[in-house]
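Let me begin by presenting the structure, written as structure tokens, before commenting on it.
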Amino acid sequence: MEINWIPGLFTAEVVLAIFAAELRNLRWATAALALQSLFLVVIICTFGYLSGISNFYWWASITFISRVLLIPWLLWKYMRKVPVSEVRPRIGLIPSVILMAFILPAAYQYFRTYLCSYYLEFLPRAYAAIGETAAMNLALGLMILVLGVYVLLAKRDIIKLMMGLVLMENGLQWAFVSAAPTVHEAAEIGLACDLVIASWILLYFSKAVYEICGTRDSPFISELKW
Amino acid sequence: MQVTEIHSVLPLLIFLVPIAFSIPILTLGRRFRAFREWFSLAGLIVTFLLTVLIYRHIITPGGLKALIWYDWFYLDGLSLLMAFVVSIIGIIAVLYSTKYLTSKGPGSSINEKKLSLYYGLLLLFSGLMNWGFVVNSLIMLYVTLEASTLATVFLVAFDGQRKSIEAGFKYVLLISVGMIFSLVAALLLYSVLGTGPALFINNLGGRVPGIPRTIALVSCALFIVGFGTKAGLMPFHAWLPDAHAEAPAPISALLSGVIIKMGAYALARTVTVFAPHYREIGIFIAIIGSVSMILGIIMALAQDDLKRLLAYSSVTQTGYIVAGLGLGTYLGLYGGLFHLINHAIFKGLLFFCSGALLYAAGSRSISELSAIPKKMKVTAFCFFVAALALGGMPPFNGFMSKFTIFVALAGSGLLWAAIISAIAAFLTTVCLVHAAYRIFWTKPVPAANSNPVAKDAQEVPALMWGGMLFLAILCILIGVYPQAIYPLLNSAVNGVLAISAAP
């Protein structure tokens with residue numbers, strides 16, 4: 001199968017992740033997150049097809065239900081009751097984009113150089129044909145995980161913090177595409193359920209915090225100190 | 001160690017039973033009160049009896065054995081040790097809650113619906129924790145740890161006040177983020193070990209020599225971040241003081257006595273397996289453990305809120321446990337696991353005592369409590385015993401485990417860590433005994449306390465102090481006769497070592 005369209009898919013996945021992290025309108029950010037998750041599903045299906053492992057389709061189905069449908073729906077439902085503009089982050093848009101322009105390529109380069117060399121060395125021969133592309137998955141997935149950590153550090157809005165957590169998990173799932181050709185479905189079901197429940201709980205608490213404190217600004221709701 | 005493949009459902013029952021018992025409590029608890037307190041108590045007692053049954057008939061006779069169930073579940077001495085701790089502290093917490101969460105106590109605002117949720121979730125997370133102790137896959141270990149966090153968050157935020165809601169939010173966010181790093185560690189191992197049996201916990205030890213050094217060390221560091229967050233290890237502890245302080249006292253006892261131990265368990269299943277191959281890991285964990293020991297107790301010294309003080313001292317004690325486990329030697333593991341049990345006992349006891357004070361005097365501020373009449377004799381006795389045990393004073397149980405860790409650290413060439421552990425033990429004694437002295441021994445000055453409830457503070461009901469007294473007696477008994485739990489600890493240590501040394 002011709003796989004030239006895969007770099008385009010990867011690029012779209014990364015760009016959407018950046019949009020989800022940076023868009024100030026939380027509805028648009030949620031839409032970007034849902035689309036990013038949808039592209040993740042496409043990537044999982046593609047690698048299921050390329051590697052011939054049927055487990056990937058299970059995985060893709062669960063990811064679709066949890067990340068493309070349920071989590072964005074929960075976020076969307078929550079945002080009907082609260083202002084949709086993000087609380088001003090710690091780092092403004094332009095500095096944040098500049099910072100990301102340094103951090104993300106550096107993270108990718110690091111993972112691609114060090115981790116992927118080990119990965120390719122230990123990759124079973126059966127998957128040698130897709131080795132390079134799979135290694136890219138690993139590095140890019142971990143790069144998105146770094147982006148999620150950045151969101152957690154740079155943002156103040158508790159909804160954006162939740163999105164950072166989802167981005168971290170999405171990055172990890174993407175990386176797992178290369179590394180988990182025979183992971184049993186139960187593990188993915190567990191992971192997906194955990195994230196959906198964690199997201200629901202975080203939104204429940206975000207709502208409660210907003211109702212009590214009247215703000216979603218994380219530094220301002222910290223009554224509990226060290 | 002002999003590993004026996006079985007097709008019995010017995011090991012599965014230790015987590016299926018509490019989960020099954022939680023369902024009617026959550027669904028029917030509002031209509032039938034019997035489905036709440038007594039049904040949850042019955043669920044935990046059955047679980048305890050099952051654990052005893054497995055221990056007596058399968059694990060110990062004819063040498064140390066582990067059970068494996070279609071590669072999916074793996075149960076050895078360590079799994080059973082943890083299941084024992086969950087059942088015992090759980091049973092005492094349920095008995096205690098029956099009085100604590102009544103109209104007279106701090107739970108006066110709690111309605112029937114919330115009580116069903118309380119008991120149902122208490123049983124559910126006991127089941128999820130037991131599930132975590134028997135899974136054989138690193139991914140499923142992550143899933144169960146995360147699931148137990150999600151099941152407990154509503155208990156942390158149980159009273160629905162601003163501080164507890166905030167504590168619940170922090171708890172779920174920080175642990176979820178931290179735990180992702182342990183998943184990254186699993187991913188790294190996947191990427192260099194391939195798949196299949198490699199990531200089954202029982203096979204991990206045999207695969208460690210084949211893992212490139214950098215990947216092994218980075219994976220361990222990530223496991224420490226991930227599971228260390230769950231264990232409340234410094235500097236990943238930010239959720240712990242809030243969650244412990246804001247949760248109802250029986251839940252604080254379970255958080256400190258049981259839930260953070262799940263992180264220590266996961267470290268024992270992963271990082272400890274790597275430790276014999278890489279000395280750096282032992283040193284790194286000793287450093288983190290020592291930082292936790294010292295900074296935790298320094299933070300505790302600055303607290304006036306009794307529950308926050310106890311929470312910070314949990315950070316200190318986790319440092320001891322992890323420092324012992326990180327050594328990967330028999331003595332280190334023995335000390336670490338011994339302290340894990342002891343900490344569950346005396347910290348559980350201290351949180352129950354703080355709950356008793358809140359119940360009787362309506363305050364958790366040490367300054368306010370120092371003004372109460374000295375009529376709570378049993379609570380005072382229990383608090384002093386637990387404080388001395390926590391400080392590592394002979395002849396209490398804390399002395400035996402801390403001394404074992406001290407010897408293990410010194411014997412592994414980490415004398416500096418041993419000295420730090422001794423200093424932290426001294427500071428812990430000062431901190432806890434000073435608090436106990438202020439609360440129970442100083443002359444009451446009613447005028448100093450604006451809280452009207454405090455003036456009539458009486459001893460708590462027997463269902464509350466009964467469990468506390470039982471734990472206080474355990475502190476003394478284990479300290480005087482530590483051989484009593486040697487077989488259980490020995491089988492747990494051998495369980496860990498068997499995985500480390502697996503071919």
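By count of other Cβ within 10 Å, fewest leading, how are B:Lys347, A:Lys155 ordered?
Ranking B:Lys347, A:Lys155 by Cβ neighbours within 10 Å, fewest first, gives A:Lys155, B:Lys347.
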Q. Over region A:6-215, what is the relative contact order in whole percent, taking alpha-carbon pairs under 8 Å and six or more residues apart?
A. 25
Q. Over all directions, what mean area does the Cα convex hull of region B:2-500 project, stated in square nanometres?
A. 20.6
Q. For the protein assembly as shown, what is the Kirkwood estimate of the hydrodynamic radius, computed as the reciprocal of the mean inverse distance between distinct Cα atoms, to one decimal in Å?
A. 26.0
Q | With at most 16 neighbouring Cβ atoms within 10 Å, loop chymotrypsin sites (Phe, Trp or Tyr not before Pro) (DSSP) excluded, longest segment of chain B | A | B:73-440
Q: Using θ = phi - 60° and the Karplus relation 6.51 cos²θ - 1.76 cosθ + 1.60, list the HN-Hα couplings for region A:18-25 in order, rounded to whole Hz, with x at every Gly or Pro.
A: 5, 4, 4, 6, 9, 5, 7, 7
**Q.** region B:144-206 - percent relative contact order, Cα under 8 Å, separation 6 or more
**A.** 23
Q) In peptide B:178-191, how many Cβ atoms from other protein chains are near each Cβ within 10 Å, on average? A) 6
Q.
Under 5 Å between amide hydrogens, which residues at least 5 positions from B:Ser365 or on another chain qualify, with H placed 1.01 Å from N in the peptide plane?
A. B:Leu306
Q: Would you mind checking which residues have amide H under 5 Å from B:Met393's amide H? H placed 1.01 Å from N; only 5 or more apart, or other chain.
A: B:Phe399
Q) For chain B, what does -39500 (n - 2.57) per DSSP helix run (n ≥ 4), summed and divided by total residues, give at 222 nm, in deg cm²/dmol to the nearest 500? A) -24000 deg cm²/dmol
Q) Relative to the first principal axis of the alpha-carbon coordinates of chain B, what is the inclination of helix B:37-54, with its axis defined by its Cα atoms, in degrees from 0 to 90 and to the nearest 10? A) 30
Q. Among A:203-214, A:93-104, B:298-309, what's the highest-first ranking by average C-beta atoms within 10 angstrom per residue?
A. B:298-309, A:203-214, A:93-104
Q) Amide H of B:Ser137: which non-local residues (sequence gap of 5 or more, or other chain) have their own amide H closer than 5 Å, using H built in the peptide plane? A) B:Ile201
Q | Ranked list, fewest to most other Cβ atoms within 10 Å of each Cβ, for B:Ser137, B:Ser313, B:Ser97 | A | B:Ser137, B:Ser97, B:Ser313
Q) Are any of the pairs A:Lys77/B:Lys99; B:Lys170/B:Lys443; A:Lys160/B:Lys230; B:Lys307/B:Lys443; A:Lys160/B:Lys402; B:Lys114/B:Lys261 more than 32 Å apart by Cα-Cα distance, and if so, which? A) A:Lys77/B:Lys99; B:Lys170/B:Lys443; A:Lys160/B:Lys402
Q: For region B:275-289 and region A:81-104, write down the distance between their C-alpha centroids in whole Å.
A: 38
Q: Would you mind giving the average projected area, over all directions, of the Cα convex hull of region A:6-215 in nm² with one decimal?
A: 10.9
Q) Across peptide A:199-211, how many C-beta atoms of other chains are within 10 Å of each residue C-beta, on average? A) 5
Q) Which log10 I(q)/I(0) values, to two decimals, does region B:222-279 give at q = 0.13, 0.26 Å⁻¹ under the Debye formula with one point per Cα? A) -0.36, -0.99
Q. If you take the C-alpha gyration tensor of region B:193-327, multiply each eigenvalue by 5 and take the square root, what semi-axes do you get, largest first, in whole Å?
A. 31, 15, 10
Q. Got the relative contact order for chain B handy, in percent, Cα pairs under 8 Å and 6 or more residues apart?
A. 17
Q. Can you give me the Cα centroid spacing of region B:238-252 and region A:156-171 in angstrom?
A. 24
Q) How big is D for region B:142-236, in µm² s⁻¹ as a whole number, if Stokes-Einstein is applied with the Kirkwood radius of its Cα pairs at 37 °C and 0.692 mPa s? A) 225
Q: Would you mind checking the tilt of helix B:213-231 against the longest principal axis of the Cα atoms of chain B, expressed as 0 to 90 degrees and rounded to 10?
A: 20
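Just so you know, all these numbers are worked out from the coordinates, no wet-lab data involved. These numbers were taken from a predicted model, which means no experiment stands behind them. Virtual Cβ from ideal backbone geometry, glycine too; neighbours counted across all protein chains shown.
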